[in-house]
Amino acid sequence: MKKLIILIFLCSFSYLAQAQLKSNTPNYIASFKRFAENNPQYFSDTLEFKLPNSASVMVYYNPDDYDTQQIEEEITSSLKRAVKISENEVRNYYLNPNFWESELEFVTRDLYQQYANHKTSYTIGIPVGLDFIAGRFAPEMGFRIIADLKKFGLGASITNTTFFTDKVEGGVRVHHNPFLNAEIDLNPFKRASSTIQAGYLLKSSGPVFTGNTFRLAYRYQVKGNLQLNAGFIFTDNVKTIIPTVGVRLF
């Protein structure tokens with residue numbers, strides 16, 4: 001009986017700690033949840049934004065870290081596009097500048113992603129890069145198009161990986177290896193954007209690729225349009241795996 005009472009007490013305490021964050025919030029990371037549970041007095045002020053359909057957006061914050069007028073202006077501006085919020089829905093946000101997902105800028109972006117109508121836009125570009133593959137440097141150039149689907153990008157590209165070999169009679173022979181790729185662009189808030197790419201070699205040429213050849217790569221944005229590229233190429237009918245590293249512009 002004593003153990004049962006202790007178990008009920010622990011479960012009740014855990015529920016109360018978790019209940020300090022109201023429902024219908026962003027998927028806050030564990031460290032922020034712990035902060036909110038351990039410092040409930042931090043969120044001393046509240047702003048409520050009422051919409052015409054009786055929905056509400058509640059913002060909990062500390063006036064020592066956030067200016068009330070700035071919150072009002074930015075949230076009000078964002079809510080002008082929140083046409084998809086349900087009738088009587090209550091959305092809750094907790095602001096703390098020490099956690100990226102509870103910054104005011106994140107809130108305005110989350111309101112857009114959750115409740116605004118989105119018109120798909122397209123980005124067209126010419127990626128240029130240099131890879132190190134199987135002991136050789138291989139320039140790459142191509143064409144890509146990405147559709148912005150609000151929370152991520154989805155698109156395709158065709159890129160040409162080039163190898164150079166010496167001719168017996170002198171000079172250099174150029175080998176073109178065109179890949180057809182599917183790409184997913186990820187752009188988490190306050191984190192560098194990245195791209196996952198899966199490709200298939202349309203035609204092999206040169207000393208590296210033979211048979212059916214596939215590519216799986218991950219690109220990480222360093223700064224601006226500069227990206228680091230790393231991945232694996234599965235060639236010779238997937239019997240041989242070749243790691244690759246390189247850089248990309250766009």
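The values are calculated or read from the model by the stated rules, or taken from the named source; none is laboratory data. If you're wondering where the values come from, they're calculated on a predicted model, not measured in any experiment. Here Cβ is always computed from backbone atoms with ideal geometry, including for glycine, and neighbour counts include all displayed protein chains. Remember, those area values only see protein heavy atoms, side chains included, never the ligands or the DNA or RNA. Shrake-Rupley method; radii C 1.70, N 1.55, O 1.52, S 1.80 Å.
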Which order do peptides 57-64, 117-124 fall in by mean Cβ count within 10 Å, highest first? 57-64, 117-124
So for R0 = 35 Å, FRET eff. of ILE184-ASN88 from the Cβ-Cβ r, to 0.05, ends up at 0.50
Magnitude of the charge dipole, the chain, Cβ model with Lys/Arg +1 and Asp/Glu -1, debye to 20: 920 debye
Ignoring ligands, DNA and RNA, please state the percent of accessible area on region 121-249 from carbon and sulfur, probe 1.4 Å. 66 percent
Point-charge dipole on Cβ atoms (K/R +1, D/E -1) for region 18-115, about Cα centre, debye to 20: 440 debye
Size of charge dipole - region 121-249 - debye, nearest 20, with Cβ of Lys, Arg +1 and Asp, Glu -1, no other charges: 360 debye
Rounded accessible area per residue of region 121-249, 1.4 Å, Å²: 55 Å²
Where a ≥ b ≥ c are root eigenvalues of the Cα gyration tensor, a/c under 1.5 meaning rounded, otherwise prolate if a/b exceeds b/c and oblate otherwise, region 57-125 counts as oblate
As a quick test, which of the pairs LYS84/LYS151; LYS33/LYS84; LYS119/LYS223; LYS50/LYS80; LYS84/LYS150 have an alpha carbon distance above 22 angstrom in this structure? LYS33/LYS84; LYS119/LYS223
Ranked highest first by average number of other Cβ atoms within 10 Å, how do 234-246, 38-50 line up? 234-246, 38-50
For SER56, SER77, SER23, write out the residues from largest to smallest accessible area, computed with a 1.4 angstrom probe and no ligands counted. SER23, SER77, SER56
If you add up the charges near SER121, with Lys and Arg at +1 and Asp and Glu at -1, over every other residue whose beta carbon is less than 15 angstrom from its beta carbon, what do you get? +2
What FRET efficiency would be calculated for the residue pair SER121, THR76, taking the C-beta separation as r and a Förster radius of 22 Å, to the nearest 0.05? 0.30
Work out the FRET efficiency for ARG173 and ARG34 from their Cβ-Cβ distance, taking R0 = 51 Å, and round it to the nearest 0.05. 0.25
